[in-house]
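Trainee: Got a structure for you, written out below as structure tokens; questions coming shortly.
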Amino acid sequence: MTTALATAGLTKRFGAQTAVDGVDLDVPAGAVYGFLGPNGSGKTTTIRMALGLVRPTAGTVTLLGRPMPGDLREVLPRVGALVEGPAFHPYLSGRANLQRLDAADRFADERTSKQRIDAALDRVGLLHAGGKRYRAYSLGMRQRLGIAAALLVPREMLVLDEPTNGLDPQGTREVRQLIASLGHEGVTILVSSHLLAEVEQICTHLGVMRTGQLVAQGRADELRASRRASVRLSTPDVAAAAGVAQRLGLTDVTTSDDGLTAALGDVASEHVVAALVGAGVAVRELVVNRARLEDLFIELTGEGFDAGR
């Protein structure tokens, strides 16, 4: 199996409103796939259709090599999910909540329940708080308990919707490290998040939604590389520097009183420096601006990033 999740023409309409419009997802097996998009872009609806929680208006879903929702009973035990926040009994402890979930799982071995619950709590940093009632948990602790629930039994795939919601910086780092370690173990992870810095650090692949459509998808490094790097030069020899830039084939050259900016294209920055020095241009400063995930997102969606659902 080379693809963990694939959709073809996936569409969901609510009356006259089209929430998801012809989405073709391709989540490779073993990938950490960052699913991005602003509010109302259709991410959570797409996730719910992929898990068989919502029936699509049109299109198909293949999850772990099986058609959904037809093979839902066979597929879902192999998938752990945290969608739209965890839901637990407030009067029970974190451990007791996990015990109830584990007891309801017909695929779980009750003989190993205690060991697996302890391991799941420990992995998300809640072993010390397992006896505390859920209603006393902070928002971040509730998020981590939801992830623990998804890890009670070994999973081939995890689907995490805003897994760092409400976490402090330390908790966010812990979840990031957890996702990274699971990815290294070969677990396929689909993570929907509004924290671009976190996504950029852990995700191997990206998908970007806008108004119900998938506007970009692919390896994270390839998507970033598709956006041109630029160079900013500070020099007293502006005219001479502009001439060098044009001879090198740099585009979008814009000059100012103390320098210029230009798109590098396929030209290596070290070649620019060598050409400027060779032409006798005095270089005060040269800064290369590489593509950032935030820049790519704004370019694709036309807006700043918000906590998307």
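The values are calculated or read from the model by the stated rules, or taken from the named source; none is laboratory data. Computed from a prediction, not measured in an experiment: that's the story for all the values here. When we count neighbours, we look across all protein chains shown, and the Cβ atoms used for this are built from the backbone with ideal geometry, even at glycine.
Trainee: Identify, by number, the condition in (1) buried (at least 17 other Cβ atoms within 10 Å of the Cβ); (2) under 30 Å from residue 125 (Cα atoms); (3) not charged (D, E, K, R) that residue 181 doesn't meet.
Mentor: The failed condition is (1).
Trainee: Based on this model, can you work out whether residue 270 counts as at pLDDT 85 or above, among the charged types (D, E, K, R) and either part of a helix (DSSP H, G or I) or over 20 Å from residue 201 (Cβ atoms) (or both)?
Mentor: yes
Trainee: Could you list, in sequence order, the residues of region 1-31 that are in contact with a helix residue (DSSP H, G or I) (Cβ under 6 Å, 6 or more places away or on another chain) and either of a type in the set (Ser, Thr, Tyr) or surrounded by fewer than 24 Cβ atoms within 10 Å (Cβ to Cβ) (or both)?
Mentor: Those that are in contact with a helix residue (DSSP H, G or I) (Cβ under 6 Å, 6 or more places away or on another chain) and either of a type in the set (Ser, Thr, Tyr) or surrounded by fewer than 24 Cβ atoms within 10 Å (Cβ to Cβ) (or both): 12, 19.
Trainee: Could I ask something else about it? Inspect all residues belonging to region 36-49 and state whether any of them is farther than 22 Å from residue 202 by Cβ, assigned to a strand (DSSP E or B) and either touching a residue at least 24 places away in the same chain (Cβ under 8 Å) or small (Gly, Ala, Ser) (or both).
Mentor: Checked against the condition, which is being farther than 22 Å from residue 202 by Cβ, assigned to a strand (DSSP E or B) and either touching a residue at least 24 places away in the same chain (Cβ under 8 Å) or small (Gly, Ala, Ser) (or both), region 36-49 yields no hits at all.
Trainee: At pLDDT below 90 and buried (at least 21 other Cβ atoms within 10 Å of the Cβ) - does that describe any residue in region 99-118?
Mentor: no
Trainee: Only one of these conditions is not met by residue 125: (1) part of a loop (DSSP other than H, G, I, E, B); (2) surrounded by fewer than 17 Cβ atoms within 10 Å (Cβ to Cβ). Which number is it?
Mentor: (2)
Trainee: May I pose another question? Checking residue 143 against (1) closer than 18 Å to residue 202 by Cα; (2) in contact (Cβ under 8 Å) with a residue 40 or more places away in the chain; (3) crowded, with 21+ Cβ neighbours inside 10 Å, which test does it fail?
Mentor: (1)
Trainee: Assuming residue 95 fulfils every condition listed in (1) at pLDDT 95 or above; (2) within 30 Å of residue 8 (Cα to Cα); (3) more than 25 Å from the chain's Cα centre (by Cα) apart from one, which condition is it?
Mentor: (2)
Trainee: Cβ-Cβ distance below 8 Å, separation of 6 or more or different chains: which pairs start in region 166-178 with a residue that is without any contact (Cβ under 8 Å) to a residue 60 or more places away in the chain and end on one that is among the small types (Gly, Ala, Ser) and assigned to a loop (DSSP other than H, G, I, E, B)?
Mentor: Hits for this filter: 166/138; 171/125; 174/125.
Trainee: Return the only residue of 128, 205 being out of contact with any Cys (no Cβ under 8 Å at 6 or more places or on another chain) and more than 27 Å from residue 100 (Cα to Cα).
Mentor: 205 is the lone residue from the list that is out of contact with any Cys (no Cβ under 8 Å at 6 or more places or on another chain) and more than 27 Å from residue 100 (Cα to Cα).
Trainee: Taking into account only those residues within region 107-138 that are without any contact (Cβ under 8 Å) to a residue 24 or more places away in the chain and among the charged types (D, E, K, R), which is nearest to residue 169 (Cα to Cα)?
Mentor: Across region 107-138, the extreme among qualifying residues is 122.
Trainee: Name every residue in region 176-223 that is modelled with pLDDT under 90, hydrophobic (A, V, I, L, M, F, W, C) and under 18 Å from residue 290 (Cα atoms), in order of residue number.
Mentor: 196, 197, 199, 220, 223
Condition check ((1) exposed (fewer than 15 other Cβ atoms within 10 Å of the Cβ); (2) polar (S, T, N, Q); (3) not in a loop (DSSP other than H, G, I, E, B)) across all residues:
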site: 160; (1), (2), (3): no, no, yes
site: 174; (1), (2), (3): no, no, yes
site: 177; (1), (2), (3): yes, yes, yes
site: 186; (1), (2), (3): yes, no, no
site: 245; (1), (2), (3): no, no, yes
